[in-house]
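Each remark here refers to the structure printed beneath this line.
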Amino acid sequence: MSITLSVNGRPHTVDVSEDTPLLYVLRDELGLNGAKYGCGVGQCGACTVLRDGVPLRACVVPAAALSGRELTTLEGLRAPDGTLHPLQRAFLAEQAGQCAYCIPGMVMAAAALLREKPRPTEAEIRTALDANLCRCGSHNRIVRAIQRAAEELAR
Ligand code: FES
């Protein structure tokens, strides 16, 4: 079937089967490789994107179910001139990634958190990212990065 997805503010018409996961469409059809394939079953968060500003596991949601929704990927956080989002800069500044495979999902979950709660406590950050797994154990740096971004965004 042919569907139109709105991704990072732009419409994209793609041919998909009824159950093609959004993650495959983003990576294979649209060339948006920010969202990663980790577990493929909705458990790790590596594939997190935003649907209408809310985190979504792109590996388990069919693209066909997302027509008419606004989707945001890691690539869509940048400003139109390419300037990185404060979260992206903060993750780099805090060296929050080791292997960095989980980082796109962490950044997207954090973006949703800061949208809802611009000055989250450390406990709120840890709760919001609880279901995003980092196998390298970088959680403390990730929390610091989100705190850093929250401070910059509040200025
Ligand atoms: Fe989607 Fe793990 S790859 S949650």
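Structural remarks
- Within the listed set Asn140, Asn132, Asn33, the residue fluctuating most in the Gaussian network model of the chain (springs between alpha-carbon atoms under 10 angstrom) is Asn140.
- Remark: relative contact order (region 38-138) = 33 percent; criterion is Cα-Cα distance under 8 angstrom and separation of 6 or more residues.
- Within the listed set Ala112, Ala123, Ala145, the residue fluctuating most in the Gaussian network model of the chain (springs between alpha-carbon atoms under 10 angstrom) is Ala123.
- Region 1-93 - Kirkwood radius from inverse mean 1/r over Cα pairs (Å): 13.5
- Based on the Stokes-Einstein relation at 10 °C and a viscosity of 1.306 mPa s, and on the Kirkwood radius from alpha carbon pairs, the chain is assigned a translational diffusion coefficient of 102 µm²/s.
- Whether region 79-155 is rounded, prolate or oblate, judged on the alpha carbon gyration tensor where a/c under 1.5 counts as rounded: oblate
- Under a Gaussian network description of the chain, with springs only between Cα atoms under 10 Å, the residue in Cys44, Cys136, Cys59 that fluctuates furthest is Cys136.
- A cut-off of 5 Å between modelled amide H atoms, ignoring neighbours fewer than 5 places along the same chain, links Thr48 with Lys36, Ala58, Gly105.
- Note on Glu116 and Met1: the extension gain reaches 37.9 nm, defined as 0.36 nm multiplied by sequence separation minus the Cα-Cα distance.
- Residue by residue, region 83-97 carries 3J(HN,Hα) couplings of 4, 5, 5, x, 5, 5, 5, 5, 4, 5, 4, 8, 6, 6, x Hz when phi is fed to the Karplus relation 6.51 cos²θ - 1.76 cosθ + 1.60 (θ = phi - 60°); x denotes Gly or Pro.
- Per-residue HN-Hα couplings for region 20-27 [Karplus 6.51, -1.76, 1.60; θ = phi - 60°; Hz; x = Gly/Pro]: 5, x, 3, 4, 5, 5, 4, 7
FYI, it's all coordinate maths here, none of it is from the lab. Owing to the predicted nature of the structure, the values given are computational and were not obtained by experimental measurement.
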